[in-house]
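Here is the structure we will look at, set down as C-alpha cells.
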4 protein chains.
Amino acid sequence: MTVVAETARFCADVLTCAELPDGDTVYDDAHPLWQKFVAAGLANWWLPERYGGRAFSLGDSVEISARLSYHDPGFAFSAFLPILASRMLEFFGSAELAQRYLPELSGTGSFCATLGSEARAGSELTNTETTFRRHGDSLVINGHKQFSTNLAFARFCLVLARNADDERDFAVILVPGEAEGFRVEQRWRMSGLLGTGTYAATFTDCAVPAGNALNGNGIRVLEVGLNGSRILMAAMAIGMSRRIRDLSMEYAATKRLGGAPLSRNAVFGARMGQLEMELETIKSQCDRAARDYDELYLGARPAEKFLGQGVLKSAVVAKMHSGQVGWKIASAASEGFGGLGYTEQHEIQRLMRAMRHISIVEGSDDVLRDLIYGRYVRRASRRG
Amino acid sequence: MTVVAETARFCADVLTCAELPDGDTVYDDAHPLWQKFVAAGLANWWLPERYGGRAFSLGDSVEISARLSYHDPGFAFSAFLPILASRMLEFFGSAELAQRYLPELSGTGSFCATLGSEARAGSELTNTETTFRRHGDSLVINGHKQFSTNLAFARFCLVLARNADDERDFAVILVPGEAEGFRVEQRWRMSGLLGTGTYAATFTDCAVPAGNALNGNGIRVLEVGLNGSRILMAAMAIGMSRRIRDLSMEYAATKRLGGAPLSRNAVFGARMGQLEMELETIKSQCDRAARDYDELYLGARPAEKFLGQGVLKSAVVAKMHSGQVGWKIASAASEGFGGLGYTEQHEIQRLMRAMRHISIVEGSDDVLRDLIYGRYVRRASRRG
Amino acid sequence: MTVVAETARFCADVLTCAELPDGDTVYDDAHPLWQKFVAAGLANWWLPERYGGRAFSLGDSVEISARLSYHDPGFAFSAFLPILASRMLEFFGSAELAQRYLPELSGTGSFCATLGSEARAGSELTNTETTFRRHGDSLVINGHKQFSTNLAFARFCLVLARNADDERDFAVILVPGEAEGFRVEQRWRMSGLLGTGTYAATFTDCAVPAGNALNGNGIRVLEVGLNGSRILMAAMAIGMSRRIRDLSMEYAATKRLGGAPLSRNAVFGARMGQLEMELETIKSQCDRAARDYDELYLGARPAEKFLGQGVLKSAVVAKMHSGQVGWKIASAASEGFGGLGYTEQHEIQRLMRAMRHISIVEGSDDVLRDLIYGRYVRRASRRG
Amino acid sequence: MTVVAETARFCADVLTCAELPDGDTVYDDAHPLWQKFVAAGLANWWLPERYGGRAFSLGDSVEISARLSYHDPGFAFSAFLPILASRMLEFFGSAELAQRYLPELSGTGSFCATLGSEARAGSELTNTETTFRRHGDSLVINGHKQFSTNLAFARFCLVLARNADDERDFAVILVPGEAEGFRVEQRWRMSGLLGTGTYAATFTDCAVPAGNALNGNGIRVLEVGLNGSRILMAAMAIGMSRRIRDLSMEYAATKRLGGAPLSRNAVFGARMGQLEMELETIKSQCDRAARDYDELYLGARPAEKFLGQGVLKSAVVAKMHSGQVGWKIASAASEGFGGLGYTEQHEIQRLMRAMRHISIVEGSDDVLRDLIYGRYVRRASRRG
C-alpha cells in the first residue's frame, strides 16, 4: 500500500469520524487522533530510514498534507510542521546530535519545534534579538520568541539566536524540552487551524552543550528548513480547495435556483470551473517544488547543496501562489452558501480562516516578494 | 449638537470603553450598551417626528452606521436593522397600526424585526413557503423562517408570507412578539458581528388581525424596506475600513522594517493610499444612495414613489460595492500585522469576519447582479 | 435646452455619423468635427461668462465628457483638456493676461495647452529641468518637454519651469504659440485616443514678458489645474463603459449560446450586472468630485481656496477609481466578443486602448497612491 | 546542441536583429525570417522522425514557444500553430495520407492550417454549419469558416464539417491548398500578433477524395489537436512575461524616483517579485501539461489514448492560467513606463495586445470553465 493510500485510509477511518477541533483542542502526543496517526505509522513520515523513519519524499508529502487538510487543516499543520526542525537537525546537526534526537520522532511519534520569529524582528530574521554566548562548553541562551507550533509538547526545539559577541553571527541551537531556563508561555488563540498548539517562549540563561549548535549560518540554516514546510503549507490549499469544491457541489445538488438544481446554473458552473482550474495550478506548483526538493535531497551531498541554495525559489512560489489563489477560492466560495455560510454551523467559515494562514505565516507575501525580487530578479538583472 | 456629533460622543464615552462582544453577548434591550444608546436619544433615530422620533435622514444615518461600526459592527447592525421593519410599517401599514407600534420604538428604544428568508427559498423570495390564510377577520400564518436579527426581543416582527389560496399573492404581516403560535427558535452562531442576535422562528397556526397585513405586494414592500437597511449595511464598510486604516497606521508607527518605521515604507504607503482611495469610493456611493433615498423620502407621497420603484438602484450598488471593496481592503490588511494578525488577540480578524457579512446578507452578489441585469440593463436595452 | 441635451444632439447629429479617427487624424481647429463642435457653441464650454464663455459647471462637464467619450474618447480628450491651462490662467494669471488670451478660446474655439512632464522628471514635478531666468522685463525659458496635448495648434501654452537661480522656485509661464525659441517637435504615436494630437517641444532661449508668469508656486498652480482635467478624464470611463455595455448587449441579442440568445445566459447576465454596478460607482465618484469642485469654484475667492487645497482628494480618487475599474470592465468585456473581438474591425479593442489611458496620464496610480498616503493618511495620522 | 540552444541561437542571430512586424507583414514561407527558421532546421520541429522531422517533445516545445515569443509573439504563433493540423493528420489520417502530406512540412518548412470556427457556431463546435456530403468516392464540402491562421499559404488545411445527411456526424477533412471550390477570403486585421496571417475562407462544392477524412469523430479529433496548440499558446505567456520583466528592469535602471534608481524602490520591487512569482506558476503549469502530453504521446497507441481522453485537462488549465495571469502581468506592467509606455514607440503596448490573444483564441475562458465544470467537476461529483 502506498503512503497516499495509507493516508487515505487514515482519513477515512479516523479523521472523517473525528469531532472537529475547537479552541480548546490541542493536537499533542496525548491526543487520540495523534495516537492513531502514530499507530498508523504515519508520524513524521519523512524521516530517513537510518533514523527509523519511512523516508517518504516531498512529492508524497504534498499529497499527505493535502489529504489531511481536506479533513482537518489544523491536524495537517501540526503533523507536518516538525519537518522544519527535523530536517535542519538531519542536515546540519552533528551525527551524534541527530542520532540522539531523531529516532525518537519516528519511534514514538513525538514532536519537535522551531523558534524563529520574535516580536520586534518579525519577518526580518537579521533583527533577531535572542542571543547565545559561549560559556566554556556551553551555549547560554537569552531572549523571547513569539510563535512556535507544537512547542509545549516538543521533545526538543531549534532556536535561532544571535551571537551576543558578534552581531553578524547567527546560530540555530537545539534545546531539549526539559532544559532549565526555557519556559513555554501562553498558547496563542489563533483565528484558524484550531487544534494546532502555538506558543510563545522565554529563555533565561538557558545553557546547552556547545555541540547543540547546528553547523552553518543560522539564518541560512533556517531558510533551508523552511523549504520543506513551505511546500507542505502550500499543499494545504490543495486539500482545502478540494473540500470547498465538494461542499459546494453537495450544496448545489440540493439547492434550487430558478426552478432547477443550482448545479445546473451557469454562474455556479463557471465558478466551479474556475476553482478547478486554479486548484490544478496550485497542485502543479506544489508538485514542481516537491520535485525540485526531492531532486536535491536524493542527489549527492544534499545538506551542502541546500545550504548553497538557501531558499528554494519554487517552494517560495508555491507558498505564495497557494496562499493567494487559495484565498481567492475561499473568498468566492464563502458567498455561495447563503446565510448558512455565514454561520459557524457551516464548514466554509472554518476553511476560510484556515486558508488565511498560508499567506501570513513563514514569510508574508510582502517579505517574499522582496526576497524574490532581490535574489531572482535584481541579481539576475545585474549579471545579465 | 448634530446627530453625528451625538454619535461621536456616544462612541467616545461608551463604545470605546466597552468590552468587545463575544459569542454570548446579545445586544438586546436589557444590554447596558443598548440602554446607554437609548439614554443618548439615539435608538431608532430615523423614526418620524409624528411617532416621537428624531427623523434623521439616511444621509445622517450613513455616518451614524459608519461611526458605530468603527467601534463595534455588531452593535451597529443591531441598532440600524430595525429601519427595515419600521419603514415598511411607516409606509405601508394602516395609520392605526403604525400609531400602535411605532411610538414605542422611539420612546423605550424597543426593537422590531423582519422575517424574510427561508431555508428553501433562499434569496428567491418568490419561493417563500410560509403561508397566510384568511379566517374571518384573522390571518393565520404557518411556516418556518431562517434568519431574523433582533427577533427574540422584538416587540413585533414583519413576516413575508404567501397566500395559501393564491400562490402569486404575497403579503407582509405584522406579528406581535407575544402572539400565540409564534415561536423563536435557536440563535445562530454567526461567524462575525458578535453581539448581534439572529434567530430562526416557526409559525404554527399563528392568528393575527387581518388589519396587520401591510398594503401592497409583499415582495415589493420588502424590497422597499431593504433600501434603507442595504444603504446602512454598505455604510458599515466605511467605519470598518477607517478602523482598519487606523489600526494599520498604529502598527506602522511602532514596527520597523529595513531600519526605518514601517510607516515610511513605500509598499506600506501604497497599500494605505489604495485603501484610502477605495474608502472614498465607498463613502461616495453610500452618500449617493442616501441622497437618492432622502430625495424620495422627503418628496411628495414617498410610500407610493418607493413602491413604484421597488429596489433603489444606487442602494443595491452601494451594498455590492461596499461588500466587494470592503472585503478587498480587509483581505489586504489582514496580511499586514505579522503573525499577531492571525490571532484573536488582534482586532483585524474580528473586522474581517464582520466585513464578510456585507456581501452575504440581504441578497448575495449573485442575486443582485442578476437583479441589476434584469431591471437596469436588459429592460433598458429592450426599450432602447 | 440644457448643455447635456446640446451635447446629446451634437453626438447624434455629428459624432455618430463621423468616421472613426485613425493614426493620421488630428483634432485641430481645422478639423471638420471640431468646427461643428465650435458651431454648436460647445468649444471650451466651461469658460466664465466674463470671457464670453458659457460657464458650465464641472457637474455638467462630467456628463459632456461621458457623452463625447461614448462616441469618440479621442475627441473628448482633445475637447476638454484645455480646461487644464485655461483654468490656471483664469485663476492665477493677471487680469490683463487672462483678458488677452481667454476670450479667444470662447469666440473662435481655439486651443491652449500645458507643458508639464519631462523625460527625466516623469511624474516627480520637483525634478523639472526646464528653467526660466529673468532678463530685465523678460523671462527666458530653456528646456525640453515631453507630452503636451493640442500643443501644435494651441494659441498659447502654459509651461512649468524652474527658476534657474533658485532651484526651489517653480513658475507656470504663458508662452504664445508664435513665440520665438519655442519649437513643437514630433507628434507621438499614441496607443489609443486616436485623433488626439500629443507633442513634444523644445524651448531655446524663448523670451516672454515677465507678466506672463502666473501667480503662485508653479507646482501648486499645476496641481490646481489638474483637478478639473482629472475629473473629466475620470468621466471618460463613464462614457466608454456605457458604450462597452451597449456593444455587449447588441452582440448578445444576435449571438446564441446553448440554444438560446446569449442575452439570456446567466454568466453573461452576471457580467453585465457587475459592469452596471461598477459603472454606477464610477459615476457617483465623478459626481462627488465635480460637486466638491463646483462648491469651491462658486464660493468666495475660489483661486485662493483652490491654491490652499492644491490637489482635490475626490478628484484624484475619481481618476484612480475610473482608471482601475474602467480597465477591469474593458478587460472583462474584451473576452466577450469571440475572435471578432480581437480584430480591429471591432470597437472593443479601440475602447480598451482608450481606457488604458486614464491610469497612465496625469499621474500614474503609483504616484497618486503615494500622494494620497502622504497628504491624507500619514499627515492625518500624525495629527490625530 | 539541444533544440533550446538552437532556438536561442536563432533568436540571438536572427530575431533580435529583425525589424518588428507591422500590420502589413505576413510570416509566410517567402518571408526572410521564416526562411532562416527553415534553414536553422527548426520549422515544424515536432514532426516525427518517420516523416523526416526532428521529433522534439512538447516539453522542448514549451521552451521554444517561450523563446520565440520573447522576441516576437506573432512569429511564434505562426511557427507553432501548424502542430494543430499536423498532429491531427499524424494521429488520425490514413498512413497514406500522412505520408503524402507530412514529409513536406519537415523538408521545405511549408505550412498547414486548420479551419474550425465559424461566425454562428463560435466556440460551440456542435453548431458547425459547414457540411460535407458523400458523392461516390468524394466528399463535397460547403460552408464558410472564419479564423484560420497561416491559411493563405498552407499546403493543406484540415476542415471541421458536419455530415449534411446526419447532423450528429462530424468529420475533419484534409483539403489541399489548390483544391477547387476552396477560396481564401480576406485577411483579418488583428489587434496583436502582427505578422501572423489569419484568414476567412469559403468552400463551394469543394470535392476531395473520401480518404481525406480523418478517422474518428471530428469534434473529438479537433479537441485532441488543440491539446498541443493550447499548451504552446500558454507558453507564449512565459516568453512575453520574461520580456516584460526585462523591459521593466531596463527602465528601472535608468529611471530615478525619490532620488534613487527606480530599481531600488520598494513598490517597484514588490511588483517585480509578484511578476516573477506568477511567471513561475505559468511555467510550472505549462511544463506539467507538456509532461502529461509527452507521457501519452510516447506511450503505447497514443492516437487511441488521446482520442479516449479528448481534451487534456492540464492543457486547458495551462491556457486559461497563462491567459489570466499573463494579462494581469501585462496590465500591471503597462502602467510602469510613464507616458512613454502609452506610445507605440514602446514595446509594452505591443506585448499587451499579444497577451490578450491567449484568453480569446482556441476557446474563451467562459467556454473552458464550462467544459472543465462539465467534464471534471460535475461528472466526477456524480460518480463520487
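Please treat every number below as a calculation from the coordinates, not as lab data. Computed from a predicted structure; not experimentally measured. Every residue, glycine as well, gets a Cβ built from its backbone with ideal geometry; the counts of neighbours run over all protein chains shown.
With the alpha-carbon atoms of region B:275-332 aligned to their principal axes, the span from lowest to highest coordinate is 45, 16, 10 Å, starting with the largest. Comparing Cα centroids, region C:81-96 and region C:325-345 end up 39 angstrom apart. Short-range pairs are left out: with C-alpha atoms under 8 Å and at least six residues apart, the relative contact order of region A:112-212 is 31 percent. For B:Ala95, the distances from its label point to the matching points in the remaining copies are 6.3, 9.9, 10.2 nm, ordered from shortest, with each point set 7 Å beyond Cα toward Cβ. The simple Förster model, with R0 at 22 Å and r as the Cβ-Cβ distance, assigns A:Glu347 and B:Glu19 a FRET efficiency of 0.15. Using a 7 Å projection from Cα along Cα-to-Cβ, the label point at A:Arg264 is separated from the same position in the remaining copies by 1.4, 6.5, 6.5 nm, smallest value first.
Distance between the pseudo-spin-label points of A:Ala8 and D:Arg134 (7 Å out from Cα toward the beta carbon): 4.6 nm. A viscosity of 1.567 mPa s and a temperature of 4 °C, combined with the Kirkwood radius over Cα pairs in Stokes-Einstein, give a translational diffusion coefficient for chain D of 60 µm²/s.
Just report the Cα centroid separation between region B:162-202 and region D:98-113, whole Å. After rounding, the separation between the Cα centres reads 73 Å. Mean sequence separation of contacting Cα pairs (under 8 Å, at least six apart), scaled by the length of region B:1-118, corresponds to a relative contact order of 28 percent. Distances, shortest first, from the label point of A:Gly59 to those at the same position in the other copies read 1.2, 6.8, 6.9 nm; the point lies 7 Å along Cα to C-beta. Other residues within the sphere of radius under 15 Å centred on the Cβ of A:Leu20, judged by their own Cβ, net out at -2 (K and R +1, D and E -1). Have a look at D:Phe170, D:Phe182, D:Gly136 and report the one farthest towards the positive end of the charge dipole of region D:108-216, computed about the Cα centre with Cβ charges (Lys/Arg +1, Asp/Glu -1). So the residue we want is D:Phe182. Mean residue ellipticity at 222 nm, helices only, chain A: -16000 deg cm²/dmol; runs of at least 4 DSSP H residues each add -39,500 (n - 2.57), and the sum is divided by the number of residues.
With a simple spin-label model that places each label point 7 Å from the Cα along the Cα-to-Cβ direction, the separation between B:Asp205 and C:Ala55 comes to 7.6 nm.
Against the empirical 2.2 N^0.38 Å (N residues), region A:63-180 has a Cα radius of gyration ratio of 1.13.
DSSP beta bridges fully contained in the protein assembly as shown are about 80 percent antiparallel. The string of couplings for region B:306-314 from the Karplus curve (6.51, -1.76, 1.60, θ = phi - 60°) is 4, 5, x, 8, x, 6, 8, 4, 5 Hz, one whole number per residue in order, with x for Gly and Pro.
Both radii come from the Cα set of region B:112-212: Rg as radius of gyration, Rh as Kirkwood radius; their ratio Rg/Rh reads 0.97. Here the 3J(HN,Hα) profile of region D:251-258, calculated from phi with Karplus coefficients 6.51, -1.76 and 1.60 at θ = phi - 60°, is 4, 5, 6, 9, 7, 10, 9, x Hz, Gly and Pro shown as x.
Placing +1 on the Cβ of every Lys and Arg and -1 on the Cβ of every Asp and Glu, with nothing else charged, gives region D:3-120 a dipole about its Cα centre of roughly 320 debye.
Of the GluC sites (Glu not before Pro) found in region A:114-181, those in coil by DSSP whose Cβ has at most 11 other Cβ atoms within 10 Å are A:Glu178, A:Glu180.
For the rotation carrying A onto C, the chain A residue whose Cβ lies nearest the axis, with the distance in whole Å, reads A:Ala266, 2.
Over region D:3-108, the Kirkwood radius and the radius of gyration, each from Cα atoms, give a ratio Rg/Rh of 0.97. Converting the Cα gyration tensor eigenvalues of region B:161-299 into ellipsoid dimensions via √(5λ) gives semi-axes, longest first, of 47, 21, 11 Å. Hydrodynamic analysis of the protein assembly as shown uses the Kirkwood radius over alpha carbon pairs. Inserted into Stokes-Einstein at 25 °C and 0.890 mPa s, it gives a translational diffusion coefficient of 70 µm²/s.
Taking a point 7 Å from the Cα of D:Glu304 along the Cα-to-Cβ direction, the residues of region D:92-113 with backbone N closer than 18 Å to it are D:92-95.
Summarise the long-distance tail of P(r) for region D:250-384 by giving the % of C-alpha pairs beyond 19 Å. Percent of Cα pairs beyond 19 Å in region D:250-384: 64. Its relative contact order, with pairs defined as Cα atoms under 8 Å and 6+ residues apart, puts chain A at 17 percent. Distance between the 7 Å Cα→Cβ label points at B:Asn163 and B:Thr254: 6.4 nm. Loop-resident GluC sites (Glu not before Pro) (DSSP state other than H, G, I, E or B) in region A:1-97 with no more than 14 further Cβ atoms inside 10 Å of their Cβ: A:Glu19.
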